[in-house]
Amino acid sequence: MLLDAIPDQTLAIPESVTAVFHNFFTCEMTTIGKTGRPITWPLMPLYWPQRGQFVLFTSIGLPQKAFNVRQDPRVSLLFSDATGSELTDPPIVLVQGEAQVSDEIISLFSGMEPELRDLLKVQASKMLARQPAMKLYMKNGLTRYLMDWYFMRLAITVSPRRIHWWDAGDYARLPQVQEVNHVV
Amino acid sequence: MWSDILNHSAAYESAVLTALDAGSYPFSLRCRPQWDNTAQTLRLNLPAGIVLEPGPACLLWHRHDARLWNLHSFAVRGTLARDETGWYVQPEQFIPGVGVGGWRSYVRFLVNGRRTTRRYLAQRNLARPKLDWDEFGQTNTTSSPGFGIGPVRQGGTG
């Protein structure tokens, strides 16, 4: 079942693009390293439609993305892998923008705004429905000990500057491009 | 490095290429790199209308199943260039990710993660946060909220 689309209050983009933001499990996030070299990671994005922004989380045990963003805020998010999204022929979407990293460490659900927390819970519930074994895994004392650091996270908030999309993921077509001038 | 690229990319149909655009923003797209075994480069057929700057680049291969399970990923850093034949990436660094390297890689991931966490907190004089596992269970959200599933970083890249 697809997530109900929350009305987008800030970005003038078609529903097909919003559906990608809500339903893709992963995006490919690129940050720019100290030497000006891009590095790309697969990450779970969270779209925050009320603000027209994206939030991604990274553990303080894997902080390089956050360090990169603090040094150079230019990032991109590519939505190109529809596996598990239940969308048919979705567009490929590229978001370019600037990112900020929280100083505060978020532990599981604590330390975040209620609106974001609600969105995160929806995403997590969807995941749980597909990964019931994860519940048992996270109840285990040993795995909690070994993996607790993974849930001590920094929030990376991405404000889009430009959104490109290729309908039906077809690069033979020219992309449609939306410049974003105002983000809350 | 070249053999690592060949071994791990063989199972993939496509990869994500990222380079910088004219405004120095990262620009990513899906592509199908072709091996050039003689030159040990990855040849690319880029769509018309996409303008990338020759220079630093990254190729990422990753996959997961419909449950976001069975993760696998790795990346290659290198240089994007163009010659009379077309675009190519000259690989310079292989970065193993999730599912590459077997159980040793997973152990290294856990050990490095714990060590980096301790260092991050110590450098900022921060106490180790307490996790509310009960709340986690009650909310029925025991999966990975905002899970980063990026490459298990080995080596000083980024």
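No lab work stands behind these numbers, since they all come straight from the coordinates. This one's a predicted model, so the numbers in the text were calculated from it and none came from an experiment. Please note: Cβ atoms are built from the backbone with ideal geometry, for glycine as well, and neighbour counts cover all protein chains shown.
Give me log10 I(q)/I(0) at q = 0.19 Å⁻¹ for the range A:41-184, Debye formula, one equal scatterer per alpha-carbon, no solvent.
Here the Debye-derived log intensity ratios amount to -1.31.
How much FRET efficiency would the formula 1/(1 + (r/R0)^6) give for B:SER14 and B:GLN90, where r is the Cβ-Cβ distance and R0 is 25 Å, rounded to 0.05?
On the way: r = 20 Å, r/R0 = 0.78.
The computed FRET efficiency comes out at 0.80.
To the nearest whole number, what is the average tally of beta carbon atoms from other chains within 10 Å of the beta carbons of peptide A:51-57? Let's see the in-between values first.
Values: counts 0, 0, 0, 0, 1, 3, 5.
Per residue, the average neighbour count from other chains is 1.
If the elastic network links every pair of Cα atoms under 10 Å, which of A:LEU56, A:LEU94, A:LEU116 fluctuates the most in the Gaussian network model of chain A?
A:LEU116
Quick one: dipole size for the range A:2-179, taken about the Cα centre, charges +1 on Lys/Arg Cβ and -1 on Asp/Glu Cβ, in debye to the nearest 20.
Rounded to the nearest 20 debye, it is 660 debye.
Within 10 Å of each Cβ in A:118-124, how many Cβ atoms from other chains are there, averaged over the peptide? Walk me through the intermediate numbers first.
Details: counts 0, 2, 4, 4, 1, 6, 10.
Other-chain Cβ atoms within 10 Å of each residue's Cβ, averaged: 4.
From Cα coordinates alone, what are the radius of gyration and Dmax values for the protein assembly as shown in angstrom?
19.2, 61
Which of A:THR143, A:THR18, A:THR157 moves most in a GNM of chain A, Cα contacts under 10 Å?
Of A:THR143, A:THR18, A:THR157, the most mobile in the Gaussian network model is A:THR143.
Distance cut-off 27 Å, Cα to Cα: go down the list A:LYS34/A:LYS139; A:LYS139/B:LYS130; A:LYS34/B:LYS130; A:LYS126/B:LYS130 and report the pairs above it. Each step should come with its number before you reach the end.
Numbers: A:LYS34/A:LYS139 39 Å; A:LYS139/B:LYS130 15 Å; A:LYS34/B:LYS130 32 Å; A:LYS126/B:LYS130 25 Å.
Over 27 Å apart, Cα to Cα: A:LYS34/A:LYS139; A:LYS34/B:LYS130.
Cα-Cα pairs above 15 Å in the range A:101-184: how many percent? Don't skip to the end; give the middle numbers.
Working: 2594 of 3486 pairs.
Here the tail beyond 15 Å accounts for 74 percent of pairs.
Given the range B:7-144, what whole percent of its Cα pairs are spread farther than 27 Å?
Details: 3978 of 9453 pairs.
Distances greater than 27 Å cover 42 percent of the Cα pairs.
Only Cα pairs within less than 10 Å get springs; with that Gaussian network setup on chain A, which residue of A:LEU136, A:LEU77, A:LEU108 has the largest fluctuation?
Result for chain A, Cα springs under 10 Å: A:LEU136 fluctuates most.
Sequence gap at least 6, Cα distance under 8 Å: using those rules, report the relative contact order of the range A:2-179 to the nearest whole percent. Working shown, then result.
On the way: 324 pairs, mean separation 47.3, N = 178.
Across the range A:2-179, relative contact order equals 27 percent.
For A:LYS135 and A:GLU104 in the same chain, what is the full-extension length gain: residue separation times 0.36 nm, less their Cα-Cα distance, in nm?
Working: separation 31, 0.36 × 31 = 11.16 nm, distance 2.65 nm.
Length gained between A:LYS135 and A:GLU104: 8.5 nm.
So what's the gap between the Cα centers of the range B:22-60 and the range A:59-78, to the nearest angstrom?
Taking the Cα centre of each part, the range B:22-60 and the range A:59-78 sit 22 Å apart.
If you average the C-alpha positions of the range A:14-57 and of the range A:114-184 separately, how far apart do those two centres end up, in angstrom?
Between the Cα centres of the range A:14-57 and the range A:114-184 lies a distance of 7 Å.
In the range A:7-98, which GluC sites (Glu not before Pro) fall in coil by DSSP and have 15 or fewer other Cβ atoms within 10 Å? Don't jump to the answer; show the numbers that get you there.
Numbers: sites: A:GLU15, A:GLU28, A:GLU86, A:GLU98; in loops: A:GLU86.
In loop regions of the range A:7-98 (DSSP not H, G, I, E or B), the sparsely surrounded GluC sites (Glu not before Pro) are A:GLU86.
How much FRET efficiency would the formula 1/(1 + (r/R0)^6) give for B:GLN123 and A:ARG144, where r is the Cβ-Cβ distance and R0 is 35 Å, rounded to 0.05? Can you show the working numbers first?
Details: r = 25 Å, r/R0 = 0.70.
Using R0 = 35 Å, I get an efficiency of 0.90.
How large is the dipole of the range B:1-73 about the Cα centre if only Lys and Arg carry +1 and Asp and Glu carry -1, each at its Cβ, rounded to the nearest 20 debye? Let's see the in-between values first.
Values: 5 positive and 6 negative charges, 38 e Å.
Dipole about the Cα centre, nearest 20: 180 debye.
Please find the FRET efficiency linking A:ARG117 to B:THR38, where r is the Cβ-Cβ separation and R0 is fixed at 56 Å, and quote it to the nearest 0.05.
Details: r = 54 Å, r/R0 = 0.97.
That pair, A:ARG117 with B:THR38, gives E of 0.55.
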